[in-house]
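Only the coordinates and a few stated rules stand behind these numbers; no lab work does. Treat the numbers as computed from the prediction; the structure is a model and nothing was measured.
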Amino acid sequence: MNRWTGIGRVTKDPKLDVQGRRPSCELRIAVKRAGRDGRDGHFDVVCFDDQAVASADYVKVGREIAIDGRLVFEEFQTQNGSYTSRVYIIAERVEFLRAGPSTGSSYNLST
């Protein structure tokens, strides 16, 4: 089973790409870690189609969102010939929670 569900705060404005066969949107979120150190975990998120367009329209830095999706592991060769990898989240459902620290607006779009 490959499932990731969490709530995080957007740390980078969404980047919408409509050049491919289907619209895609990339963004980055910070998720609070449990424990004493208080450091956040950061995750790259990609969503597609209507969710991509809605995320680009409604999400800005600081917005809290809930994501339900799956993890993707990608390994690739860099320009200098070394190999590297990354893990990111393909969002299958994005729920827009608080717009900022003091507002409580909500918008839900699921596929």
Which one is right for this structure if Cα Rg over 2.2 N^0.38 Å is calculated from it: (i) 1.12; (ii) 1.26; (iii) 0.98?
-> (i)
Rel. contact order, % - alpha carbon contacts under 8 angstrom, at least six apart, the chain | 26
Most mobile of GLU64, GLU74, GLU95 per a Gaussian network model of the chain (Cα springs, under 10 Å)?
-> GLU74
Any aspartates and glutamates whose Cα falls less than 13 Å from that of LYS12, other than same-chain ones fewer than 8 residues away, would be GLU26, ASP44, GLU64
GNM, the chain, Cα, under 10 Å: largest mean-square fluctuation among ARG93, ARG21, ARG63?
-> ARG21
